[in-house]
Amino acid sequence: MVDSLLNARSQEQSHCGACNDTRVLTPQAPDNTAGLPRIRFRAGSHQDFYQSMVARLSSSQYGALGTLTTREGEDFTLALLEAWAASCDVLTFYNEMWLNEAYVRTAQLPQSLHEMALLIDYIPHPGAAASADLSFNIAAGAGIPERITVPAGTKIQSTPGQDETPVIYETLDDLLARAEWNAIRPKLTAPHPLTTSTTQLPFWGTNTKLKAGDGVYFIVDDGTPVFAVVNAVNPVLANIAQDPDAKDLTWVTVSPIGTEPISEPASDPASEPASEPGFSASSSFSATVSGALAEKLDHTLGTSELVTVLADAELSEKAFFAPLEAASQSNTTVLVFRASAAIFGHAAPPLSSLHHSLTGMVPVYSVDGSDVVVESLEPGPFADKTAATWADEGTLSLMRDGANHVYLERQIAEIANDSEVVIRDGDTWARYQVTDTAEVAASFFAVTGKSSRLALDRNEDFGEFSIRQTTIFGASEFLTLAEPPITAPLDADTVSVQLNGWFPGLEEGRKVILNGLAEGSGALPVIATRIVQSVNHELTAGTGTSVTLTEPLGAAYFPQSLRIAANVAQATQGESVVEVLGDGAALPHASFTTRQAPQTFVPAATPTGVKPTLEIRVNQILWHPVANFLSTQPADRVYSMRVDEQGYSHITFGDGVKGAMPGKGQQNIRASYRKTHGLMGRVKAGQLNLLMSQPLGVQAVNNLLDADGGADPEGRDAIKRSAPLSCRTLGRVVSLTDYADFSQGYGGIAKASAQWLHLSGGPQVVVTVAAEEGAQVPEGSALHSSLTEALTAAGDPFARFILRSYRQRFFKLGVRLQVHPDYLLDEVSLSAEAVLRAALSFDARRFGQPVFASEIIALLHDVAGIDAVVIERLYTGEIPTRHDGLAAANAEVMGSGVDAEVLGASVLSLHPGPLDFLEVSV
């Protein structure tokens, strides 16, 4: 453009062209305004230099050249000038380029920015490794120890998705793991309460063979015996797809008799306790235990207390808890009666319906010739019977035959000796024991037939049971009541969880992962990490271990779906490398460079948010890194490290005055470190599942949550932005802007802002942050925790602050464009959308920055070929409409009082999905 302006100016001065190429145009003075992205500092271009040298051929200062009158390019002299013009053009180009490289704003080469950063003691951020919580699955079986240690440095590789490369993670610390901690479950069942008004009884399985009309006898929780009649049987199949450990249940609906029995069998000292209905092993458990468990029974022990008790008693965990586990099995029994029958003779004809000859005086006749003579009157067979001695109003006492017999209306072979029966007449009932059974021919109340005769343990209260209304329930069998599953969701605000049994060995500070369906979450599981604050073991049958977490559950989990993974280890991206750097020669400022790059930097509570993984050993002795040698002594085993723009680590030792020199030796300087990091390490949930090293007992591994953190090394634009910030904070946080600047320069943080909010406890600084590529920084994540610690360490101890992740809001857009006829509509449409997505993306927007229709119109008018722009839709939410502008919220307080919640600032960016429409026309 400059050349064309100069040529145009020449044409204006000489219309005939006679004076062309007769002016000296070099050197040109620089003319730069403030704030330019590039500095123009060239003395001239190729054409300028050539024209200036040709012009000087006619200068009087060079009279000897006056004889050179040709100006044709084919002349050797003019060709020489052409060559020199090309040389000057190249020299001035590089001169301008290196001048631009001397300023932060205009530098383009990473090396230049790194060198300038050293001048202000700023170290460009080397990047950060992503981190993930890994859940290990431990195998159980012969030859596998109950407790295993997953060593630090265990390698796990990701299964890459499409267009992804495998990523290797390594665990940071040793993990003590057990098979029973793979998926701990909360308390799943609860004892079914038994009361006198109980109408539902649960039994395990679906093959109880109970039916309507059967009887059930049980003892309620307060000791009262209850008899009930079965009304309905409802089998419930377990949903093993949702819970593989679930069991089938049968719910039996019963109608209890509202009275207590008038008679019960005398207790038999020789009988087993478990044969008593309603008996539970836990009820007599305290009488059977001894030793250390007996001393601590019904106590609650913490982790350290349990260790002490086991050590003093020289008991293993298994031996100590085995009696508790056995007593906690569901074994409350009820007595069911699978057969029932009425009393023999219950259907006898009423006494009043019998013929007079059966109930009255019957004449005895004799015949004398033609005369019939009544010899006498004799009573009929039932003449002495009354309603009270007949089946009409009679009781079982009439039929006992001088013994304790009762007769059933039919033969029931299922009633066995030593079984039990219940005799019921309306609300009157009693329980008896069968001492003998027999199949006999019975004859009572003018009825004869086959009958089962039961000999009972006693005949008391037989007179309370009428013949016509009494039913005997027999064929008794003990069934164990099931403990029905707990279906009510857990309280989302609770911090304590009762576990399904005892889990010794769990300790405070262990990280666990909660995974399960929750109320309101639909079919998607809610997964969260928590830290165990305390562990308590309740030494009472039917209870178990309970854990208290450092923060609430956060979701109303359904107990049957919740799994608590306790074999959890933190891992970070990067693969371990060990290499020999070189030989020690006792030379000052010996320098070495690692062979592989980039070195992994892991998250840490430092001003940069990361720490190196590099370890340097000289003659097997560990040396320590320092920022510089200014405060070191001659004998200090220290070194400095610098990471170049390509990611290689440069190690420099002292000179013997400031820092020790490495001793002489061959290949005695060794380095161990991990390599690779960056955003590629942000793997999705479930991708970290390949064990590259497999310790004994480790069966599988998985990351239940997406990896978080991770950052690429600072690039050109990031260094330009962050290097000046380091001069403003100087490693400390005092002012409001310091909170934002410090956070902005922290590893893994892409955006940061700070503002004052007046909360109930007084004014506080609210720091809002966003991670690389717009990722959230949730509370509890490694990045959130380390940044909080770093801000606290660098800040004013009396200033309070709150760190919040940002809120992502999207807006939608519908645009109509009028395109110049000379342009291709498709090309203009693609260019327009690319401009919109670049200018309205997360990377281009600030916290709290609004978006205006006028701003979008201006952006589109910068696209070549667009003549007119109409914004027809600009809105958030689901209802299409058109706004002139959309606001983005800064940090704010929602609610009041105890319900107040501090929310971070928001970023308003274009929705990543398709535009509502982008119509182009001529």
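Tabulated results
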item: Residues that are under 29 Å from Tyr217 (Cβ atoms) and assigned to a loop (DSSP other than H, G, I, E, B), drawn from the stretch 298-346; result: Ser328, Gln329, Ser330, Asn331, Thr332, Phe344, Gly345, His346
item: Scope the stretch 214-228; condition touching a residue at least 40 places away in the same chain (Cβ under 8 Å) and either part of a strand (DSSP E or B) or surrounded by fewer than 14 Cβ atoms within 10 Å (Cβ to Cβ) (or both); matching residues; result: Gly215, Val216, Tyr217, Phe218, Ile219, Pro225, Phe227
item: Which listed residue, of Gln47, Gln61, is polar (S, T, N, Q) and surrounded by 11 or more Cβ atoms within 10 Å (Cβ to Cβ); result: Gln47
item: Elements of type strands (runs of 3 or more DSSP E) contained in the stretch 143-203, each with 1 or more residues being of a type in the set (Ser, Thr, Tyr) and in contact with a helix residue (DSSP H, G or I) (Cβ under 7 Å, 6 or more places away or on another chain); result: none
item: Conditions (1) assigned to a strand (DSSP E or B); (2) open to solvent by less than 40 Å² (accessible area, probe 1.4 Å); (3) of a type outside the set (Val, Ile, Thr); (4) closer than 27 Å to Ala794 by Cβ: number failed by Arg642; result: (2)
item: Residues satisfying the stated conditions in the stretch 484-506, i.e. under 24 Å from Thr303 (Cα atoms) and open to solvent by 60 Å² or more (accessible area, probe 1.4 Å); result: Gln498, Asn500
item: Only one of Asp862, Asp867, Asp822, Asp884 that is under 26 Å from Ala718 (Cβ atoms) and open to solvent by 30 Å² or more (accessible area, probe 1.4 Å); result: Asp862
item: Hits in the stretch 229-252 (condition: polar (S, T, N, Q) and loosely packed, with under 15 Cβ neighbours inside 10 Å); result: Asn231, Asn234, Asn239, Gln242
item: Of the criteria (1) in a loop (DSSP other than H, G, I, E, B); (2) under 30 Å from the mean Cα position of the chain (by Cα), which one Arg845 fails; result: (2)
item: Selected residue (criterion: nearest to the chain's Cα centre (by Cα)) from residues of the stretch 125-140 that are modelled with pLDDT of 85 or more, more than 20 Å from Leu175 (Cβ to Cβ) and not in a strand (DSSP E or B); result: Gly127
item: Single condition Ala441 does not satisfy, out of (1) of a type in the set (A, V, I, L, M, F, W, C); (2) surrounded by fewer than 19 Cβ atoms within 10 Å (Cβ to Cβ); (3) in contact (Cβ under 8 Å) with a residue 24 or more places away in the chain; result: (3)
item: Test: residue in the stretch 692-701 that is surrounded by fewer than 15 Cβ atoms within 10 Å (Cβ to Cβ), modelled with pLDDT under 90 and on the phi > 0 side of the Ramachandran plot; result: no
item: Selection from the stretch 596-618 of residues that are in contact (Cβ under 8 Å) with a residue 40 or more places away in the chain and either exposed (fewer than 13 other Cβ atoms within 10 Å of the Cβ) or of a type in the set (Lys, Arg) (or both); result: Arg617
item: Candidate set: the stretch 541-587, residues that are open to solvent by 20 Å² or more (accessible area, probe 1.4 Å) and β-branched (Val, Ile, Thr); chosen: the one nearest to Asp174 (Cα to Cα); result: Val578
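Residue-wise test of (1) free of Cβ contacts under 8 Å to residues at least 60 places away in the same chain; (2) in a helix (DSSP H, G or I).
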position	(1), (2)
Pro763	yes, no
Val769	no, no
Ala793	no, yes
Leu813	no, no
Gln818	no, no
Ala832	no, yes
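The values are calculated or read from the model by the stated rules, or taken from the named source; none is laboratory data. Every value quoted in this text rests on a predicted model; they were computed, and no experiment measured them. Please note: Cβ atoms are built from the backbone with ideal geometry, for glycine as well, and neighbour counts cover all protein chains shown. The area values use the complete protein model at the heavy-atom level, side chains included, leaving out ligands, DNA and RNA. Shrake-Rupley method; radii C 1.70, N 1.55, O 1.52, S 1.80 Å.
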